[in-house]
1. Using a ≥ b ≥ c from the Cα gyration tensor of the stretch A:1-100 (square roots of the eigenvalues), is it rounded, prolate or oblate, where a/c under 1.5 gives rounded and otherwise the larger of a/b and b/c decides, a/b for prolate?
2. Going by a ≥ b ≥ c, the root eigenvalues of the Cα gyration tensor, does the protein assembly as shown fall in the rounded group (a/c under 1.5), the prolate group (a/b larger than b/c) or the oblate group?
3. Treat every Asp and Glu Cβ in the stretch A:43-131 as -1 and every Lys and Arg Cβ as +1, leave all other atoms uncharged, and give the resulting dipole magnitude about the Cα centre to the nearest 20 debye.
4. Rank A:HIS131, A:HIS43, A:VAL97 by how far each Cα sits towards the positive end of the charge dipole of chain A (+1 on Lys, Arg Cβ; -1 on Asp, Glu Cβ) and give me just the farthest.
5. Rounded, prolate or oblate for the stretch B:1-123? Axes are the square roots of the Cα gyration tensor eigenvalues, ordered a ≥ b ≥ c, and the cut-off for rounded is a/c under 1.5.
6. Taking +1 at the Cβ of each Lys and Arg and -1 at the Cβ of each Asp and Glu, which of B:SER20, B:GLN142, B:GLY202 sits farthest along the dipole of chain B towards its positive end, judged by Cα position relative to the Cα centre?
7. Please identify the trypsin sites (Lys or Arg not before Pro) of the stretch B:60-161 that satisfy two criteria: DSSP loop assignment and at most 10 other Cβ atoms within 10 Å. Which are they?
8. Taking every DSSP beta bridge with both residues inside the protein assembly as shown, roughly what % is antiparallel (nearest 5)?
Amino acid sequence: MQPVATDPYSRSASLVAVVDADAALCQRLRARLEALGAEVDAHASANAFLASLAARLPACLIADATLPDWSAAELLAELQRRGLDIPTLVMAASGDVRTAVAVLRHGALDCIEKPFIERALATHVAVLLGH
Amino acid sequence: MKEKPATVFVVDDDDAVRTSLRLLLKSVGLPVETHASAQAFLDAYDPERAGCLVLDIRMPGMSGLELQQRLTEMHAILPIVFITGHGDVPMAVEAMQHGAVDFIQKPFRDQDLIDRINQALEKDNANRAGLRERDAILRRMQQLTPREREVLDLVTKGKANKVIAGDLGVSQRTVEIHRARVMEKMAASSLAHLVRMVIEAGATG
């Protein structure tokens, strides 16, 4: 067994995990998400995010396609391997069709080009807030 | 009934693309059928034919995404590999969210396309095997008498013979006889197997 909180009660309905090495982007997303009523947990790498799961499972995940340690597709595969079904939005570079296809194949809910991510949050608010 | 060989259906409005894909797929021994438009494909469409669809996104008339939608409405199970010259992220996301197996951009390596097509063919094969298995289970279920059907429902809900006897107002011995007939008609090797078949057939509850 992985030391991961799989108990449904440890899933926080309003907790959104943001994983991106860009601290400024994390900050902007935090402000937007908090305005929507979400609680935000930001991490700079896939490993930091995975380590956080032992404490609490987020209602959803917003991950950069290319994290310093892993790709988002690899991260999705790892979550699947651990039996964790976390609705995930992936942020890709503009025009990165290959990544969009890869992450959707790995079960991502959506893939959004980075310039449009803040606008896309409103579309996904129900998922973000665990409804 | 013997399955027809799997066919790769190529739908692209560009003559040169159709020709080159036909040659490529033939060179690796895959049966190919090409259509110059989504409508031409639909006119020839036969749900019994196994295979996969290699579909251009942008075509005059019905687009590839529209054809995907039409096929979904028709409950078609043919896996789709999209190819496109000028794909964008929202288009790729839409195609994948609607169940495409893959979405690849030109120019692509021949081997990449062949790999994706083989994955799609394997998926179609597995889907069709699943459907055949389901049909076989449903046919067996139809051979049960109404009383045997009741016993099947109760047995697969995990009820003991004694409880079933009480529920149906018959003797425990009668339940045992029905139960044995159910196992035989369903060709079930164990209770777990019987339960799995009922779940696969989607006939629970």
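1. oblate
2. The shape class here is oblate.
3. 140 debye
4. Toward the positive end, the furthest listed residue is A:HIS131.
5. Here the stretch B:1-123 falls in the rounded category.
6. Projecting each Cα onto the dipole axis, the largest value belongs to B:GLN142.
7. Here the sparse-neighbourhood loop sites are B:ARG109.
8. Here the antiparallel bridges make up roughly 5 percent for the protein assembly as shown.
Any read-out appearing in this document is the output of simple, stated calculations on the displayed coordinates, not a laboratory observation. Since the structure is predicted, the reported quantities are computational estimates derived from the model, not experimental observations. For neighbour counting, all protein chains shown are included, and Cβ atoms are generated from backbone atoms with ideal geometry for every residue, glycine included.
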